[in-house]
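Below is one structure, written out as structure tokens, with a few remarks after it.
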Amino acid sequence: TSIVRDQFTRETERLSLRKVTLDPTHGRRDTTLEHRPKLLGATVNAAIDDVLSEGEQTALGLAGFLTEVEFDVSKSAVVLDDPVSSLDAGRRSRVAKRLVELAQVRQVIVFTHEATFVNALNKAARDLGVKVTERAILRRGERPGLVSEKHPWNVKDIPARIHWLGEELARLRRDRDHLSSDEYTRRAQEWGGRLSQAWERAVNLNIVNELV
């Protein structure tokens, strides 16, 4: 229907895809797709996968999925497994914002190993006031599958790193009189190293990337 087509167009535009619409296939519902993506204004009848890049096809698939979700009245949870593979940084940010918008009305669970996407999700959640529940599945030595209720340091964004640094500095000051010289030096050096990493990431993400 035109309502579904309009929603699909809005989803594609949110993910920076232009001139794509849904074209009815007039096929039987139980054997074929009822609609397929079509390029608007094309002078040659080319297949979508011959024109769009791998990243654009991923974004197109997400747009189709999000269109279906929009019309699902159950409001049940949505689970996505690495939804941004092959997407560039700009589209990853757009996907993150769209998923957080979706999380305002239903639970959204995202599995990903992309640290930059985690950062984008956290930033979008802060901007829109959506609560995030952190989980990490880690490997410690030969033991895989350890579950942590906090993201590890390497995927924490700048506000989370600054928060950790403040808490750890307070702990270090509190424990100082009870630590040996070697232990105090080790913890102070670890804190200084992480301060340097947080500073470097802040410069790269918030200054250099924005400028470029």
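The values are calculated or read from the model by the stated rules, or taken from the named source; none is laboratory data. Keep in mind that what you see is a predicted model, and the values were worked out from it rather than measured. Note: ideal-geometry Cβ built from the backbone for every residue, glycine included; neighbour counts use all protein chains shown. These area figures cover heavy atoms from the full protein model, side chains too; ligands, DNA and RNA do not enter into them. Shrake-Rupley method; radii C 1.70, N 1.55, O 1.52, S 1.80 Å.
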Exercise for review: Please report, to one decimal in angstroms, the Kirkwood hydrodynamic radius of segment 104-153 built from all distinct Cα-Cα pairs.
Suggested key: 12.3 Å
Study note, to complete from the structure: In degrees, nearest 10, the alpha-carbon axis of helix 181-202 is tilted away from the dominant principal axis of the alpha carbons of the chain by 30 degrees
Exercise for review: Using the Kirkwood radius over Cα pairs, work out the Stokes-Einstein diffusion coefficient for segment 101-212 at 25 °C and 0.890 mPa s, in µm²/s as a whole number.
Suggested key: 150 µm²/s
Point to revise | Helix-derived mean residue ellipticity, 222 nm - over the chain, DSSP H n ≥ 4, -39500 (n - 2.57), to 500 | key: -15500 deg cm²/dmol
Exercise for review: Work from the charge dipole of segment 88-132 (Cβ charges, +1 for Lys and Arg, -1 for Asp and Glu, about the Cα centre) and give the residue of 125, 110, 90 farthest towards its positive end.
Suggested key: 125
Practice item. Give me the percent of DSSP beta bridges within the chain that run antiparallel, rounded to the nearest 5. Key: 70 percent
Practice item. Could you pull out which residues in segment 121-163 have an amide N less than 11 Å from a spot 7 Å beyond the Cα of residue 182, following the Cα-Cβ vector? Key: none
Review point. Roughly what would the spin-label model give for residue 203 and residue 80, points 7 Å off Cα along C-beta, in nm?
Key: 3.3 nm
**Study point:** Cβ charges +1 (Lys, Arg) and -1 (Asp, Glu), total dipole of the chain, debye
**Key:** 500 debye
Point to revise | By average C-beta atoms within 10 angstrom, highest first, the peptides 118-131, 55-68 | key: 55-68, 118-131
**Study point:** FRET efficiency, residue 191 to residue 104 (Cβ-Cβ, R0 35 Å, nearest 0.05)
**Key:** 0.40
Point to revise | Simple Cβ-charge dipole of segment 100-155, Lys/Arg +1 and Asp/Glu -1, about Cα centre, in debye nearest 20 | key: 160 debye
Check your understanding: Using alpha-carbon pairs under 8 Å, 6+ residues apart, how would you state the relative contact order of the chain in percent?
Key -> 12 percent
Study note, to complete from the structure: Relative contact order as a percentage, segment 91-202, C-alpha pairs under 8 Å and 6+ apart, gives 18 percent
Practice item. Compute the accessible area per residue over the chain, keeping the other protein chains in place, probe 1.4 Å, unit Å². Key: 67 Å²
Point to revise | Per residue, the convex hull volume that the Cα atoms of the chain enclose (Å³) | key: 184 Å³
Review point. What distance in nm separates the simple spin-label points at residue 142 and residue 89, each placed 7 Å from Cα in the Cβ direction?
Key: 4.0 nm
**Study point:** Radius, Kirkwood style, for segment 47-125 when every pair of distinct Cα atoms is counted (Å)
**Key:** 13.1 Å
Check your understanding: In whole percent, how big is the carbon plus sulfur part of the accessible area of the chain, probe 1.4 Å, protein atoms only?
Key -> 51 percent
